[in-house]
Amino acid sequence: MPQHDHQESAEEQSGPLEIAIVGDLTDHESEMTDRLLGVPPGGQCTIYFDSPGGSPYCAMSLVGLMKLRGIEATGIVTGECSSAALWPFAACRRRLVTPFSVFLFHPMKWQSEEHIGIAEAAEWSRHFADLEREMDVLLAELFGIPGETIDRWIKTHRYVTGREMVSAGLAELVGLSPLPELFATSGEESPPKSHAARNPARARR
């Protein structure tokens, strides 16, 4: 739509592109991929997360685009960031959360077609086990923490709060007030300085 194009043009001129990952990853993969491709290689963007997850393949594709294109993303969890959505969030160079952000870590789940054969089911089971193990290792590497922490959260189906993510050194805590850096990149006058507590720790790969 012309209005949407105008908004994108304004974003490109004023600062890093802003992308929203909202809802199921699988349902919006094409749109999210297109938005990431709109960020030039080595460029910056801000990604807002409110997603319950989706396909692990979609998650890996988004991570691949971010890493292969050298995108320096700032991830901000405005609501939920769970399951498969954890991987693209972990791939962000900088991660921001609020006291109300929620993260669900759990073992991967899979569904098969109703009439799948025994041999195919056995092969899928083998592949799925390998995929789950490799993705868990990658998640720990992206967050830059020992795999034991991730394993413990996943095996216990743990809901992790924004404050807990900060305590683990995985993100910075921000309050529900304007972020000065967003205004600075757009060339607009910065809002009054926030007195919200922040944790300076940043997890980088």
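Brief remarks on what is shown
- Leading residue by the ranking (farthest from Gly79 (Cα to Cα)) among those in region 139-157 that are touching a residue at least 24 places away in the same chain (Cβ under 8 Å) and surrounded by 14 or more Cβ atoms within 10 Å (Cβ to Cβ): Ile145
- Residue in region 116-132 that is assigned to a loop (DSSP other than H, G, I, E, B), modelled with pLDDT under 95, over 24 Å from Glu181 (Cα atoms) and out of contact with any Pro (no Cβ under 7 Å at 6 or more places or on another chain) present: yes
- Restricting attention to region 24-50, the residues that are polar (S, T, N, Q) and closer than 11 Å to Ala73 by Cβ total 2.
- Checking each residue in region 72-82 for being touching a Phe, Trp or Tyr at 6+ places or on another chain (Cβ under 7 Å) and either farther than 22 Å from Asp27 by Cα or assigned to a loop (DSSP other than H, G, I, E, B) (or both) picks out only Ser82.
- Residue in region 51-71 that is modelled with pLDDT of 95 or more, crowded, with 16+ Cβ neighbours inside 10 Å and part of a strand (DSSP E or B) present: yes
- Inside region 138-148, residues that are in a helix (DSSP H, G or I) and more than 16 Å from the chain's Cα centre (by Cα) make up a count of 2.
- Residue list for region 34-50, filter: in a loop (DSSP other than H, G, I, E, B) and buried (at least 22 other Cβ atoms within 10 Å of the Cβ): Val39
- Entry remark, region 149-205: residues being within 24 Å of Pro88 (Cα to Cα), outside any helix (DSSP H, G or I) and at pLDDT below 85 number 8 in total.
The values are calculated or read from the model by the stated rules, or taken from the named source; none is laboratory data. Note that this is a predicted model, so its numbers are computed, not measured. Cβ: placed from backbone, ideal geometry, glycine included. Neighbour counts: every protein chain shown.
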